[in-house]
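Notes to accompany the following structure.
Rule-based calculations on the coordinates, nothing more; no lab input. Keep in mind that what you see is a predicted model, and the values were worked out from it rather than measured. Virtual Cβ from ideal backbone geometry, glycine too; neighbours counted across all protein chains shown.
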């Protein structure tokens, strides 16, 4: 039986740029769930600390924007 390595399979795949794009998209997608956990935990910490923090509004807005950007990125990578 012939060796069916990665390079052997890739020689049949055209166009090559689509394969590279899908590999990069998969790598970015695999980082999305740990990133989600980190951003969501920071966001929850800010919300639970509440107005007792002196810069509550700024931190809340900052982490909300991070969360929104991460969700948009996950949607783009997930559906591309």
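Just checking the listed ones, 40, 67, 12: in the Gaussian network model of the chain with Cα springs under 10 Å, the one fluctuating most is 12. Every helix of 4 or more DSSP H residues in the chain counts as -39500 (n - 2.57), and over all residues that averages to -27000 deg cm²/dmol at 222 nm. For the chain, relative contact order (Cα pairs under 8 Å, six or more residues apart, normalised by length) works out to 36 percent.
Note on the chain: Rg/Rh from Cα positions, Kirkwood definition for Rh, rounded to two decimals, is 1.28. Comparing mean-square fluctuations of 38, 63, 17 from a GNM of the chain with C-alpha springs under 10 Å, the top value falls on 17. Each residue in 58, 42 was given a count of other beta-carbon atoms within 10 angstrom of its own, and listing them fewest first yields 58, 42. The angle between the Cα long axis of helix 16-49 and the longest principal axis of the Cα atoms of the chain comes to about 20 degrees, rounded to the nearest 10.
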